[in-house]
Amino acid sequence: MKKLLLIKYGELTTKKDNRNLFINMLCTNISKILKDYDFKIIKTRVRMFIEIDENKMDEIILKLQKIFGIHSIVICDKVNNNIDEIGEKIVSILKNKDFKTFKIETNRSNKNFYLTSPEVNRELGGYVLKRMEKTVDVHHPDIFVNIEIRDDFTYIYLNEYKGAGGYPVGVQGKGLLMLSGGIDSPVAGFLAMKRGINVSGLYFESPPHTSNEAKEKVINLGKILNEYSGLFKLHIVPFTDLQEAIYRNVPDNYIITIMRRMMYRIAEKYAKKNAFKAIINGESVGQVASQTLSSMICINDVTSYPIIRPVCCMDKLEIIDIAKKIGTYETSILPYEDCCTVFVPKHPVINPELSKCLEYEKRFDYETLVDECVNNIQVINISKKEYNDIL
């Protein structure tokens, strides 16, 4: 048996002339997430309707709650714009519910309907009172009965499931997330997706210093992020030669600063080469030595590309709360080191000097090593499950 879901749009309702672009992208994203189900989508400028199999309703709603651009989801019944049919349907819906008090709330977007919203509320409230031993309570009812009278049909629903909000992933183009195995960067990727960015991950691996388990951990984080977009790709940078060159030629306390400068160079070259519009990372001001404002000045000096730092002004507990909410936390805390932690010195510089960075970088041919990294990046399409062969 088929059921009807009514989708209320999120922030995209603030758009005017380009609203259809946002709605079409949302429709595309829903279709990708629900590709394994039997469904039908009907879209308008104000609402979207999805016909689904009743037996799959709970799992489909859980998937829809992860799709950005949706304000809320309701399970609704559709009837003709006839007050008696609406009343009969309400009674049939309520007869199996356990409640004492109720309230009718009407949204009449069809201004040609002969009753106003308050008149519909009174008419339908009276209809229910005549047929059921219940009481109207306009302040604290046990059940809200929501009525939407639209041009084509009337839609009736009781409960509303909160959506993810934001913009549909993809409306802002592509962004390249510097994805480590830690807690912060997956959260940054999630928040960037919420602003409509089609996020792909850039992971720096350094075997044998980093393990295959560390790579698997990042792939699993990519799988979780893919649940929110259905578009996630992971780009794996072979970083060993460059990282070892840094370790040989740079003083211990500047290793992290120079390494981050190299990562930004690689990210910018690769982003320009593949039409990414921004670089995204999980930097939070002051959290570690490379994330002080002084360090950011030094590190950011190598690129003029847009850098988005969604968690930069959050404290660690706030970031952890989001990580737990989106399902990345338990994977992020697995004890496998990535290349950002494997060579961490005891006393990294917190106020690096740009002149010293330039001096140390002259000690080795980093440009050739950067190009080798960019030219040998491996791409895994997480959304198409193209990762089994490398694990």
> For the stretch 27-53, what are the residues that are surrounded by 12 or more Cβ atoms within 10 Å (Cβ to Cβ) and of a type in the set (Asp, Glu)?
Replying inline: GLU51, ASP53
>> Out of MET57, MET132, I need the residue that is among the hydrophobic types (A, V, I, L, M, F, W, C), touching a helix residue (DSSP H, G or I) at 6+ places or on another chain (Cβ under 9 Å), in the same structural domain as SER31 (by TED's automatic domain parsing) and surrounded by fewer than 17 Cβ atoms within 10 Å (Cβ to Cβ). Which one?
In response: MET132
>> Which count do you get for residues in the stretch 25-58 that are under 23 Å from the mean Cα position of the chain (by Cα) and closer than 22 Å to SER109 by Cα?
In response: 8
> In the stretch 322-333, is there at least one residue being touching a strand residue (DSSP E or B) at 6+ places or on another chain (Cβ under 7 Å), without any contact (Cβ under 8 Å) to a residue 40 or more places away in the chain and either of a type in the set (Ser, Thr, Tyr) or in the same structural domain as ARG195 (by TED's automatic domain parsing) (or both)?
Replying inline: no
> On the given criteria, is LYS89 surrounded by fewer than 12 Cβ atoms within 10 Å (Cβ to Cβ) and out of contact with any Lys or Arg (no Cβ under 7 Å at 6 or more places or on another chain)?
Replying inline: no
>> On the basis of being surrounded by fewer than 21 Cβ atoms within 10 Å (Cβ to Cβ), within 26 Å of VAL349 (Cβ to Cβ) and in contact (Cβ under 8 Å) with a residue 40 or more places away in the chain, does ASP315 make the cut?
In response: no
> When both residues are 6+ apart or on different chains and their Cβ atoms are under 9 Å apart, which pairs have a first residue that lies in the stretch 68-95 and is not assigned by TED's automatic domain parsing to the domain that holds PHE49, and a second that is among the small types (Gly, Ala, Ser) and buried (at least 19 other Cβ atoms within 10 Å of the Cβ)?
Replying inline: none
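So is LEU191 in contact with a Pro (Cβ under 6 Å, 6 or more places away or on another chain) and surrounded by fewer than 23 Cβ atoms within 10 Å (Cβ to Cβ) or not?
When the stated conditions are applied, LEU191 passes them.
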> Can you tell me how many residues in the stretch 135-149 are surrounded by fewer than 17 Cβ atoms within 10 Å (Cβ to Cβ) and polar (S, T, N, Q)?
Replying inline: 1
> For GLU216, all conditions in the list (1) touching a Cys at 6+ places or on another chain (Cβ under 6 Å); (2) modelled with pLDDT under 95 hold save one; what is the number of the exception?
Replying inline: (1)
>> Six or more apart or on different chains, Cβ atoms under 6 Å: show the pairs whose first residue is in the stretch 212-235 and more than 10 Å from GLY181 (Cβ to Cβ) and touching a residue at least 40 places away in the same chain (Cβ under 8 Å) and whose second is in a helix (DSSP H, G or I) and among the hydroxyl-bearing types (Ser, Thr, Tyr).
In response: ASN226/SER383; GLY230/SER383; LEU231/SER383; PHE232/SER383
>> Where the second residue is in a loop (DSSP other than H, G, I, E, B) and among the small types (Gly, Ala, Ser) and the first is within 10 Å of THR257 (Cα to Cα) and lies in the stretch 285-308, which pairs have Cβ atoms under 7 Å and are six or more apart or on separate chains?
In response: GLN291/SER284
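Table: residues versus (1) surrounded by fewer than 19 Cβ atoms within 10 Å (Cβ to Cβ); (2) among the aromatic types (Phe, Trp, Tyr); (3) over 17 Å from the mean Cα position of the chain (by Cα).
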site	(1), (2), (3)
ASP151	yes, no, yes
THR154	no, no, yes
GLY166	no, no, no
LEU177	no, no, no
ILE183	no, no, no
VAL187	no, no, no
ASN198	no, no, no
TYR203	no, yes, yes
PRO207	yes, no, yes
> Looking at (1) in contact with an Asp or Glu (Cβ under 6 Å, 6 or more places away or on another chain); (2) surrounded by 22 or more Cβ atoms within 10 Å (Cβ to Cβ); (3) at pLDDT 95 or above, which is the only condition ILE236 fails?
Replying inline: (2)
>> Going through SER290, SER304, SER284 one at a time, which residue ends up being hydroxyl-bearing (Ser, Thr, Tyr), more than 25 Å from LYS233 (Cα to Cα) and in the same structural domain as LEU225 (by TED's automatic domain parsing)?
In response: SER290
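The values are calculated or read from the model by the stated rules, or taken from the named source; none is laboratory data. Only a predicted model underlies this, so the values are computations on that prediction, with no experimental measurement involved. Backbone-built Cβ (ideal geometry, glycine too); neighbour counts: all protein chains shown.
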